[in-house]
Amino acid sequence: MSKPFTRKDFLKISGLGMMAVVFGSSFTSLLSSEEKPYFNLKPIGRQFSLEGYFIWCTSPIWGEDGKVHLFYSRWKKEKGMGGWLNGSEICRAEADSPFHKFEHKQVILTPRGEGFWDATTCHNPLIKKVGDQYLLFFMGNSNGKTNTKRIGLATSKDLDGEWTRPDQPLLLPGKEGFLGRPLHYKSRFCKRKRR
């Protein structure tokens, strides 16, 4: 036997309905795109591609020449999607603005071959300018597998100039299975001294 619908039940449901209307109308004004131009963005399409290559891991920077310089990883499509592990190189393209088509300009870093930490791949560039120097962070490996991935740093005075990279990586992995300090770790230097 079902319970009869009471006046109290009606008031509860009506109250919830009214709250939904009031709160709903205030939230819909938050979703209005009239004063938020970023909701009106439209895709501009593919701005860069190279015949026969996969393009991955792009990092743009404005140059002093007023152009956008795009650092990117590329590898031959014949190697398949996994080819980044054993054949990626870092290149530079440029365009007059982010909305113009980019044009390949030069190969920046290539794998250096046996005996180097970045012997089989140079991948995942990140370009930054610090002072009067450009810093290009990148990943390399020495055996075409992920177990030798390392982080390196190449430097140059010019975006289209000579890039110098040291023989040793910038960042080495920790001990096997080491994940670093947990996020909740509190340093003994952060604790207040009790008196």
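The values are calculated or read from the model by the stated rules, or taken from the named source; none is laboratory data. Treat the numbers as computed from the prediction; the structure is a model and nothing was measured. Glycine gets a Cβ as well: all are built from the backbone with ideal geometry, and neighbour counts include every protein chain shown. Calculation scope for accessible area: heavy atoms of the full protein, side chains included, ligands and nucleic acids excluded. Shrake-Rupley method; radii C 1.70, N 1.55, O 1.52, S 1.80 Å.
Between region 114-154 and region 46-110, how far is it from one alpha carbon centroid to the other, in angstrom?
15 Å
Please list log₁₀ I(q)/I(0) at q = 0.18, 0.27 Å⁻¹ for region 107-156, using the Debye equation with identical point scatterers on the alpha-carbon positions.
Calculated log10 I(q)/I(0) at the listed q: -0.53, -0.95.
May I ask which of LYS77/LYS101; LYS42/LYS157; LYS77/LYS105; LYS101/LYS157 have a Cα-Cα span longer than 30 Å here?
LYS42/LYS157
Going by accessible area, probe 1.4 Å, with all protein chains left in place, what is the ranking of VAL68, VAL107, VAL130, largest first?
VAL130, VAL107, VAL68
Note down the nm distance, to one decimal, between modelled labels 7 Å out along Cα→Cβ at LEU41 and at HIS100.
Between LEU41 and HIS100, the simple spin-label model gives 2.2 nm.
Roughly how much of TYR72 is accessible, in Å² to the nearest 10, using a 1.4 Å probe?
That residue has around 0 Å² of solvent-accessible surface.
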